[in-house]
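Below is one structure, written out as structure tokens; comments come after it.
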Amino acid sequence: MYDRHLPRRSRDNNRGIRVELAVDRQRTGVQPPRVDARALPLHLDVQLFSSGLGAGITRPPGCHVAAQQLINTPRLLPAWQPNWGPVKSIGVSFPECPVAESPTTDSFGSNLDGAFDVPEPGPQASPHAKSLSRGRARNKTTRISVPTDALSITDRLFYLLQPPIETLLSGQELVMPFEPFPFQYHGIAWLFSQGSALLADEMGLGKTMQAISALRLLMRAGQIRSVLLVCPKPLITNWQRELQMWAEEIPVVAIEGPSARRRMLWEMPNVPVKVANYELLVRDLEMIGEDDFPAFDLLILDEAQRIKNRESRTNQAAHSLKRHRSWALTGTPIENRPSEFVSLLEFLGAVPDHSVTDIRQLNRLANKYVLRRTKDRVLKDLPPRLDREELLELTPAQQTAYVTAEQEGIVRLDELGESITIQHVFELVLRLKQICNYDPLTGQSCKMDRLAAEIEEISDSGGKAILFSQWTKSLDWMNQKLQHFRPLIYHGAVPSSRRDAVLERFRRDPDCPLLLMSYGVGAVGLNLQFAGYVFLYDRWWNPAVEDQAINRAHRIGQQNPVLVTKFICRNTIEERIDKVLQQKRELFQAVLGDSEMSNASLSLDAQDIFGLFELKAGHGDQLRSITPPSIENG
């Protein structure tokens with residue numbers, strides 16, 4: 001018989017092994033054959049067949065036979081087949097063939113030495129086992145591990161075998177999971193008709209679904225085939241979820257992972273929608289900015305205020321991308337200065353190089369390129385938002401620490417004289433705001449005393465509350481103080497892979513009434529309309545970010561009024577900051593709302609910041625920026 005384990009071509013064309021077992025058999029009627037194991041003659045006949053490629057093998061083989069005495073176990077009942085005993089395997093090995101070593105063999109395998117070593121057989125091992133051991137030692141090979149940045153074969157096949165988008169969309173009825181509001185239909189139609197557009201609806205009005213529905217219609221009309229959607233990293237999963245809901249027939253891929261994997265994903269031809277975060281966009285700009293890389297039919301920037309700084313790498317990366325259509329989505333096109341709005345208009349191609357600064361010109365451009373609706377105008381049935389300011393008195397320990405820090409800080413600012421900068425002022429502002437949250441020495445806090453009483457009442461009524469602070473250290477401190485309420489934390493130190501689980505538990509667990517969030521990661525892109533209470537433990541520097549935070553709860557789907565509580569300590573920096581926030585609201589309305597406001601009402605400059613301590617602003621570099629430093633991890 002031929003060895004079944006050899007390939008068919010090897011058996012037929014190259015070489016084979018034929019093993020014959022000759023056994024004396026005696027048959028009596030229908031009885032099974034009886035074999036005397038002690039007198040069993042065994043004849044081994046090995047024949048080599050050499051042809052084709054195997055003709056070059058001229059080395060004589062060595063045969064190793066492992067023999068075992070066969071003992072026939074008696075059966076009580078006749079067997080249906082001959083009672084053959086087990087036969088040991090027979091190994092055939094050829095002498096080692098000399099092979100020229102590759103010059104890179106040693107260097108390549110140096111890191112894997114010993115990974116595939118075969119243990120040496122013991123002294124009692126059979127000749128066959130020893131032969132196999134020697135053969136493995138001579139022919140030891142190194143397995144090449146798959147690179148960690150390689151795309152799995154499953155992913156490759158999934159994306160490569162995607163049919164053209166026309167095939168996916170042909171013959172399908174346009175179905176939406178929910179009936180959009182009339183103003184959302186208007187937004188979808190407006191985006192569909194715009195090559196350059198800024199959708200600036202107030203937070204909670206559904207900018208995401210309007211953009212998805214519009215690009216879906218454009219694909220069905222054959223006007224676009226490739227879309228790049230750029231958003232903050234925490235919002236990627238939210239966009240994937242919304243795309244699955246509102247355009248489930250369109251393939252989507254999130255660009256992530258090591259460089260080689262990202263390049264493969266960027267170049268996938270039949271995946272029309274690619275989602276990336278802003279940091280990755282900057283990192284991969286050389287990759288997707290190559291001359292032979294095709295232009296995107298549509299580029300969408302979510303939370304487009306990320307490109308407000310004209311000098312930032314993020315802004316420059318977004319501007320340099322090749323595209324045919326440009327959409328920007330943000331509820332806060334202006335946070336501090338009109339120049340931020342101009343940066344968005346430059347991205348849309350509406351103005352060249354910061355050439356527009358007059359408020360009236362900006363207002364005319366806004367009418368052409370910007371669509372903005374507010375909840376009070378389009379959602380008459382949305383439950384009201386109730387705002388209240390809780391004016392609190394510092395505890396004795398806080399008062400002492402605050403007065404000391406303020407006096408020492410002002411003396412230092414005076415000593416700086418002409419060299420004083422906005423950064424110096426902000427350092428003092430942040431220090432005083434931290435003391436308003438709690439005294440770092442004693443832990444006393446007028447805000448915590450009031451908050452604990454509020455959460456007690458909310459918990460007893462079965463409600464849900466969200467608290468925002470700008471410091472993760474303050475959030476961690478509050479988490480310890482409020483442990484009996486089992487609060488959940490959501491800030492920059494929480495891994496992205498765990499954030500969705502935190503929000504889901506807050507949604508479903510009735511024993512978790514409080515979610516502690518930072519403005520940095522909790523103010524954008526989250527849907528928390530099941531919460532009826534929002535606390536601003538400390539104030540952010542501009543009202544737009546505060547409104548974004550509040551509108552995580554006050555949005556479409558909210559069934560109850562939302563109570564917003566802002567903690568403000570009397571006779572402190574917080575009262576002075578509140579006045580600056582009101583001025584910024586006027587700035588926002590002047591550009592996008594009330595066109596009758598004059599330029600004089602926009603005198604928001606460094607004088608306002610220095611005026612917090614009755615200081616006079618300097619000139620030149622000292623006036624360059626009035627944006628507070630990032631304090632997410634402070």
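The values are calculated or read from the model by the stated rules, or taken from the named source; none is laboratory data. Since the model is a prediction, treat every value here as computed from it, not as a measurement. Neighbour counts run over all protein chains shown; Cβ positions are idealised from the backbone, glycine included.
Being more than 22 Å from Lys447 (Cα to Cα) and either in contact with a Lys or Arg (Cβ under 9 Å, 6 or more places away or on another chain) or not assigned by TED's automatic domain parsing to the domain that holds Trp239 (or both) is not true of Arg539. Contact map, the range 365-379: residues that are in the same structural domain as Leu329 (by TED's automatic domain parsing) paired with residues that are assigned to a helix (DSSP H, G or I) and at pLDDT below 85, Cβ distance under 9 Å, separation 6+ or inter-chain. Pairs shown: Ala366/Val591; Ala366/Leu592; Val370/Leu592; Arg372/Leu592. Filtering the range 444-478 to residues that are within 26 Å of the chain's Cα centre (by Cα) and of a type in the set (Lys, Arg) leaves only Lys473.
Annotation: of all residues in the range 217-232 being crowded, with 23+ Cβ neighbours inside 10 Å and either within 25 Å of the chain's Cα centre (by Cα) or more than 25 Å from Leu265 (Cα to Cα) (or both), the one that is modelled with the lowest pLDDT is Cys231. Look at (1) modelled with pLDDT under 85; (2) surrounded by fewer than 13 Cβ atoms within 10 Å (Cβ to Cβ) and you find that His424 fails only one, number (2). Please count how many residues of the range 468-505 are farther than 24 Å from Leu441 by Cα and of a type in the set (Val, Ile, Thr). Number of matching residues: 2. Checking each residue in the range 447-470 for being surrounded by 14 or more Cβ atoms within 10 Å (Cβ to Cβ) and either assigned to a loop (DSSP other than H, G, I, E, B) or touching a Cys at 6+ places or on another chain (Cβ under 7 Å) (or both) picks out Gly463, Lys464, Gln470. Could you check, for the range 289-298, whether at least one of its residues is more than 19 Å from Arg225 (Cα to Cα) and in contact (Cβ under 8 Å) with a residue 12 or more places away in the chain? No - not one qualifying residue is present in the range 289-298.
Comparison of Asn336, Asn363, Asn315 shows that the only residue that is surrounded by fewer than 21 Cβ atoms within 10 Å (Cβ to Cβ), at pLDDT 85 or above and more than 24 Å from Ile188 (Cβ to Cβ) is Asn315. Listed by first and then second residue, the pairs with beta-carbon distance under 7 Å, at least 6 apart or on different chains, first residue in the range 261-272 and assigned by TED's automatic domain parsing to the domain that holds Ile288, second modelled with pLDDT under 85 and not in a loop (DSSP other than H, G, I, E, B), are Met268/Tyr159; Asn270/Tyr159; Val271/Tyr159; Pro272/Ile165. Of all residues assigned to the range 172-188, none qualifies as being closer than 23 Å to Ala328 by Cβ, in the same structural domain as Thr314 (by TED's automatic domain parsing), of a type outside the set (Ser, Thr, Tyr) and touching a Phe, Trp or Tyr at 6+ places or on another chain (Cβ under 6 Å). Among the residues of the range 433-455, those that are in contact with a helix residue (DSSP H, G or I) (Cβ under 8 Å, 6 or more places away or on another chain) and under 23 Å from Pro510 (Cα atoms) comprise Met448, Leu451, Ala452, Ile455. Quick check on Ala260: is it surrounded by fewer than 17 Cβ atoms within 10 Å (Cβ to Cβ), hydrophobic (A, V, I, L, M, F, W, C) and at pLDDT below 90? Answer is yes for this residue. Taking every residue in the range 453-482 that is aromatic (Phe, Trp, Tyr) and pairing it with any residue that is not in a helix (DSSP H, G or I), at least 6 positions away or on another chain, the pairs with Cβ-Cβ distances below 6 Å are Phe468/Met517; Phe468/Leu536; Trp471/Gly634.
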